[in-house]
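**Student:** This is the structure I want to talk about, given as structure tokens.
The values are calculated or read from the model by the stated rules, or taken from the named source; none is laboratory data. Note that the coordinates shown come from a computational prediction; the quantities given were computed from them, not determined experimentally. In this analysis, Cβ positions are derived from the backbone assuming ideal geometry, glycine residues included, and neighbour counts consider all displayed protein chains. Each accessible area value is taken on the protein alone, full model and side chains, heavy atoms only, with ligands, DNA and RNA left out. Shrake-Rupley method; radii C 1.70, N 1.55, O 1.52, S 1.80 Å.
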Amino acid sequence: MMTNKNRSVRLVIGDYKKNQALQIENNTINFRVSKSSDNKDSSNSASFEIINLSRKEENIIGTDYVYVRLEVGYEGRYKTLYEGQAVQVTTRDEGTEVVTQVVCGTGYVELNHSVLSKTIPPNTTVKDAFDLLIKELPEISRGVYKGVNINSKLTKGYSANGTVKEILDKLATAYNVEWRINDNVFFVTDRDTSDTSMSEAYVISAKTGMLGSPYVTSGDGTKGVKDKNKTKGVIFQSLINPNYTVGNAVKIEDERINGYFKVTDIDYSGSNRGSDFSQTVKCVYLEKVVDGESK
């Protein structure tokens, strides 16, 4: 059974390629991380508060768009929970303590500062079009592409003009797919498809850290009633668990709800010193669930 004991938190910040990165474990670290399976609507982001860094460490962290990686786990076994770039760093006095706040975005510079003007040839598949676009993101590696729509062809080609994010968003909207960069890896899936199979689904239960019971939600309140992407789903809370992430399939085992789901959003909140170390997870159905049982 997963318990909130012996949790581990490690923050790596700096230019690790030049061996100029800090590995922070002994200072107090408070963090919030938000991830979405659809970065068209919601970019992955994170914010950290680090207590009482030295002046030298503050200077290293203050570099423009410095690399940031958060690793968490239990019993000293770490897994990456977030990778991105610092887009804003501030330091303030708070009583007797010095608090450094780091606000991060994922692929921020490459997505928002790189402007393209290129033509994608006729009869290129959607999958190959995304491959051409991520070549503009040298720090990002290719992950899973999954679904039916990614095999559609751009019969007349495609005129790609704008920032990389703008072009990715337009292409995803046109072919009803979602894209995301999760921990510097690029994924594309059909909206109703998970990037891991049901046979690989991580089991969500009280034994694996679920807190309380899951509950049904009516869907995204920002979308209209007739929006085809407005989907009913399920929300649950648990201890932080880096063994699955957005886009993955999970299996919920609970007296109220049982079935397979795709994880669409996770909000993490935690500290290596405070009491909070939890996540709120939003999912949509991968199969029909009736009266608590999957069909």
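Condition check ((1) in contact with a Ser or Thr (Cβ under 7 Å, 6 or more places away or on another chain); (2) within 21 Å of Asp267 (Cα to Cα)) across all residues:
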position: Asn44; (1), (2): yes, yes
position: Ser47; (1), (2): no, yes
position: Leu53; (1), (2): yes, no
position: Asn59; (1), (2): no, no
position: Tyr65; (1), (2): no, no
position: Gly73; (1), (2): yes, yes
position: Gly76; (1), (2): yes, no
position: Leu81; (1), (2): no, yes
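**Student:** Any residue at all in the range 131-138 that is open to solvent by less than 30 Å² (accessible area, probe 1.4 Å) and at pLDDT 95 or above?
**Tutor:** No; the residues of the range 131-138 include none that is open to solvent by less than 30 Å² (accessible area, probe 1.4 Å) and at pLDDT 95 or above.
**Student:** Being without any contact (Cβ under 8 Å) to a residue 60 or more places away in the chain, more than 30 Å from Ile240 (Cα to Cα) and open to solvent by 70 Å² or more (accessible area, probe 1.4 Å) narrows it down to one of Val164, Val115, so name that one. Break it down into steps so the answer makes sense when it comes.
**Tutor:** Numbers: Val164 fails: open to solvent by 70 Å² or more (accessible area, probe 1.4 Å).
After ruling out the rest, the residue left standing is Val115.
**Student:** Look at the range 63-104 and say how many of its residues are in contact with a Phe, Trp or Tyr (Cβ under 9 Å, 6 or more places away or on another chain) and open to solvent by 80 Å² or more (accessible area, probe 1.4 Å).
**Tutor:** Taking the range 63-104 first, the residues in contact with a Phe, Trp or Tyr (Cβ under 9 Å, 6 or more places away or on another chain) are 65, 67-72, 81-87, 100-104.
So of that shortlist, the ones also open to solvent by 80 Å² or more (accessible area, probe 1.4 Å) come out as 65.
Selection size over the range 63-104: 1.
**Student:** For the range 14-28, what are the residues that are at pLDDT below 95 and of a type in the set (Ser, Thr, Tyr)?
**Tutor:** Correct list: Tyr16 only.
**Student:** For the structure I just gave you, tell me whether Ala21 is within 16 Å of Asp276 (Cβ to Cβ) and outside any loop (DSSP other than H, G, I, E, B).
**Tutor:** no
**Student:** Give the residues of the range 32-62 that are modelled with pLDDT of 90 or more, more than 29 Å from Arg191 (Cα to Cα) and buried (at least 21 other Cβ atoms within 10 Å of the Cβ), sorted by residue number.
**Tutor:** Result: Phe48, Ile50.
**Student:** Based on what the data block shows, is Gly107 small (Gly, Ala, Ser), at positive phi and open to solvent by 10 Å² or more (accessible area, probe 1.4 Å)?
**Tutor:** No; evaluated as a whole, the condition is false for this residue.
**Student:** Follow-up question, since we're still on this one. Across the range 174-187, which residue is nearest to Lys127 (Cα to Cα) among those that are without any contact (Cβ under 8 Å) to a residue 60 or more places away in the chain and assigned to a strand (DSSP E or B)?
**Tutor:** So, considering only residues that are without any contact (Cβ under 8 Å) to a residue 60 or more places away in the chain and assigned to a strand (DSSP E or B), the one nearest to Lys127 (Cα to Cα) is Val177.
**Student:** Is it the case that Val126 is surrounded by 14 or more Cβ atoms within 10 Å (Cβ to Cβ) and among the hydrophobic types (A, V, I, L, M, F, W, C)?
**Tutor:** When the stated conditions are applied, Val126 passes them.
**Student:** Looking only at the range 245-264, filter to residues that are in a loop (DSSP other than H, G, I, E, B) and not hydroxyl-bearing (Ser, Thr, Tyr); which one of those is farthest from Arg191 (Cα to Cα)? Step through it out loud before you land on a result.
**Tutor:** The initial filter retains those residues of the range 245-264 that are in a loop (DSSP other than H, G, I, E, B), namely 245-248, 254-257.
Filter once more, keeping what is not hydroxyl-bearing (Ser, Thr, Tyr): 246-248, 254-257.
Numbers: Val246: 12, Gly247: 10, Asn248: 12, Asp254: 26, Glu255: 28, Arg256: 26, Ile257: 22 Å.
Going through the qualifying residues, I end up with Glu255.
**Student:** Can I ask one more? Counting only residues that are over 25 Å from Tyr82 (Cβ atoms) and of a type in the set (A, V, I, L, M), which one in the range 168-199 is surrounded by the fewest Cβ atoms within 10 Å (Cβ to Cβ)?
**Tutor:** Applying the filter and picking the extreme gives Ala174.
**Student:** Scan the range 245-260 for residues that are open to solvent by 10 Å² or more (accessible area, probe 1.4 Å) and not β-branched (Val, Ile, Thr) and jot them down.
**Tutor:** Scanning the range 245-260 gives Asn248, Lys251, Glu253, Asp254, Glu255, Arg256, Asn258, Tyr260.
**Student:** Within the range 139-155, take every residue that is in contact (Cβ under 8 Å) with a residue 40 or more places away in the chain and under 19 Å from Asn176 (Cα atoms) and give me the one that is most open to solvent (accessible area, probe 1.4 Å).
**Tutor:** If we take residues in the range 139-155 being in contact (Cβ under 8 Å) with a residue 40 or more places away in the chain and under 19 Å from Asn176 (Cα atoms), then Val148 is most open to solvent (accessible area, probe 1.4 Å).
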